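The values are calculated or read from the model by the stated rules, or taken from the named source; none is laboratory data. What you are looking at is a predicted structure, and each value in this text was computed from that prediction instead of being measured. With ideal geometry, Cβ positions are generated from the backbone for all residues, glycine too; neighbour counts draw on all protein chains shown.
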Protein chains: 2
Amino acid sequence: MKKTSDKVFNMKKGLSETCNRFFTVLGNPTRLATLETLLDGPKNVTQIAETLGQEQSMISHNLRPLVECRFVYVERRGKERVYSVNHGTVDPLLKVVENHAVNYCPSGGRCLAREG
Amino acid sequence: MKKTSDKVFNMKKGLSETCNRFFTVLGNPTRLATLETLLDGPKNVTQIAETLGQEQSMISHNLRPLVECRFVYVERRGKERVYSVNHGTVDPLLKVVENHAVNYCPSGGRCLAREG
DNA sequence: TATACATATGACATATCCATCATATGAAGA
DNA sequence: TCTTCATATGATGGATATGTCATATGTATA
């Protein structure tokens with residue numbers, strides 16, 4: 001299989017790559033749950049893991065792309081690392097999604113199967 | 001490996017699922033390129049395929065989730081199917097991404113490798 | 001320094017995603 | 001109906017992503 005990402009689409013290269021990484025990082029249930037947990041307030045890795053009932057290692061793995069793409073910030077505090085949401089991006093982003101869901105995803109968040 | 005999507009995260013179920021599907025569909029270079037092509041105006045499948053230099057079958061496959069999630073609309077016109085962007089969602093969405101990229105992705109759309 | 005706590009990293013198995021090929025459906029005109 | 005054009009669908013191999021386990025790094029305190 002050819003790597004599609006190597007192909008030159010008729011799309012501004014930067015925007016294309018940024019969007020793809022942007023959405024790919026967000027398109028994962030663990031990372032989305034992590035994000036929403038952090039919307040309640042800053043937490044360290046252990047607290048996130050406890051809140052979600054997941055392993056610390058898994059949360060740590062998933063935090064990396066979130067931090068790299070600046071969806072969340074990190075701050076060292078002693079031996080802890082406190083993560084917090086980048087509200088400047090995440091808040092308006094979730095607003096767009098929610099608005100879309102209200103208009104187009106009537107059955108409890110599932111996309112419509114049939115076209116109209 | 002357990003299916004994480006089956007687990008109950010501490011997240012509103014609907015929002016979690018909607019977001020995941022939403023971003024998963026968008027996190028793909030072919031679908032993003034398709035979306036951007038359609039931003040220039042409505043096109044049928046053949047035109048999209050030609051514009052992107054990709055096979056008709058591939059475009060058709062990738063259009064399906066875009067339509068299902070209502071990122072694009074379809075309209076029958078004779079034997080063609082004309083696809084167009086849902087500007088209500090896509091425009092504000094891309095604005096958020098662009099704004100984020102301007103602030104946090106200095107090196108041509110690539111996310112930063114190091115945390116700050 | 002030794003220990004404990006907090007977090008990150010590496011390797012690996014597998015589940016998921018995706019482009020491709022072949023084929024089917026559908027619509028319009030001869 | 002037969003042919004042609006436009007599009008969709010199904011199957012499949014293979015790349016990618018992801019969770020898990022084991023382990024390493026790092027930080028503070030005794």
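Of the residues B:Val74, B:Val25, B:Val96, only one is at the interface with chain A (Cβ under 9 Å from one of its Cβ atoms) and not in a helix (DSSP H, G or I); which?
That would be B:Val74, the only listed residue that is at the interface with chain A (Cβ under 9 Å from one of its Cβ atoms) and not in a helix (DSSP H, G or I).
Within the stretch A:52-70, the set of residues being out of contact with any Phe, Trp or Tyr (no Cβ under 9 Å at 6 or more places or on another chain) and more than 6 Å from DNA strand C (Cβ to nearest atom) comprises A:Glu55, A:Met58, A:Ile59, A:Asn62, A:Glu68. Among the residues of the stretch A:24-83, those identified as within 8 Å of DNA strand D (Cβ to nearest atom) and either under 20 Å from B:Asn103 (Cα atoms) or at pLDDT below 95 (or both) are A:Thr24, A:Val25, A:Pro65. Going through (1) in contact with a Pro (Cβ under 7 Å, 6 or more places away or on another chain); (2) small (Gly, Ala, Ser); (3) free of Cβ contacts under 8 Å to residues at least 12 places away in the same chain one by one, A:Ala101 falls short only on (1).
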